[in-house]
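Single-structure report; data block below.
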Amino acid sequence: MQNRTRIASMMQVYKNHYEEYEKRHNELWPEMEKMLKSHGVHHYSIFLEEESGQLFAYLEVEDVDTWEKVSETDICKKWWNYMEPLMKTNSDKSPVSKPLKSVFYLE
């Protein structure tokens, strides 16, 4: 396995949109999946804490600089626009995302 960087963050989905949030991810657009994979994304998971609506996202990337270019793609911006009604977002419609610091890892 290559050396990959593990990234984790927290986001927020509105409580009345849990099912729709999950549905939209289960029906992920093929062009969105292709873009993520072409930017070196692996093992992308999102978990929901149902009491609060907190989302925990985890992914592994081949290169952090390439990962950071995801937000510049048209398909990512289209996805943000699509997801904006369901979750807390910034003025550019990107999800409000708080990075998490890794404090333990067991391989």
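The values are calculated or read from the model by the stated rules, or taken from the named source; none is laboratory data. All values derive from a computational prediction rather than experimental measurement. Because the Cβ atoms are built from the backbone with ideal geometry, glycine has one as well, and the counts that use them run over all protein chains shown. Ligands, DNA and RNA are stripped out before the accessible areas are found, and what is left, the full protein with its side chains, is counted by its heavy atoms. Shrake-Rupley method; radii C 1.70, N 1.55, O 1.52, S 1.80 Å.
Compare the Cα positions of His43, His17, Pro85 along the charge dipole of the chain (+1 at Cβ of Lys, Arg; -1 at Cβ of Asp, Glu; about the Cα centre) and return the one farthest towards the positive end.
Of the candidates, Pro85 comes out farthest on the positive side.
How many percent of the accessible area of the range 19-107 is carbon or sulfur, using a 1.4 Å probe?
Numbers: 3190 of 6290 Å².
Within the range 19-107, the accessible surface is 51 percent carbon and sulfur.
In whole percent, what relative contact order does the chain give with Cα contacts below 8 Å and a gap of six or more residues?
Details: 144 pairs, mean separation 41.4, N = 107.
Relative CO of the chain lands at 39 percent.
Out of the GluC sites (Glu not before Pro) in the range 1-71, which ones are loop residues according to DSSP with at most 16 other C-beta atoms within 10 Å?
Working: sites: Glu19, Glu20, Glu22, Glu27, Glu31, Glu33, Glu49, Glu50, Glu51, Glu60, Glu62, Glu68; in loops: Glu27, Glu50, Glu51, Glu62.
Those satisfying the criteria are Glu27, Glu50, Glu51, Glu62.
In square angstrom, what is the accessible area per residue of the chain with a 1.4 angstrom probe? List each step's numbers first, then the result.
On the way: 7530 Å² over 107 residues.
Per-residue accessible area for the chain comes out at 70 Å².
Give the total of Lys-Lys pairs in the chain with Cα-Cα distances below 12 Å; include a pair only if its members are 8 or more places apart or on different chains. Can you show the working numbers first?
Numbers: Lys15/Lys88; Lys69/Lys77; Lys77/Lys93; Lys78/Lys93; Lys88/Lys98.
Step by step, the pairs that qualify in the chain add up to 5.
Name the chymotrypsin sites (Phe, Trp or Tyr not before Pro) in the range 38-107 that are in a loop by DSSP and that have at most 15 other C-beta atoms within 10 Å, would you? The partial results should precede the final answer.
Details: sites: Tyr44, Phe47, Phe56, Tyr58, Trp67, Trp79, Trp80, Tyr82, Phe104, Tyr105; in loops: Phe104, Tyr105.
Qualifying residues, ordered by number: Phe104, Tyr105.
Per the Kirkwood formula on distinct C-alpha pairs, the Rh of the chain is how many angstrom?
For the chain, the Kirkwood estimate is 14.6 Å.
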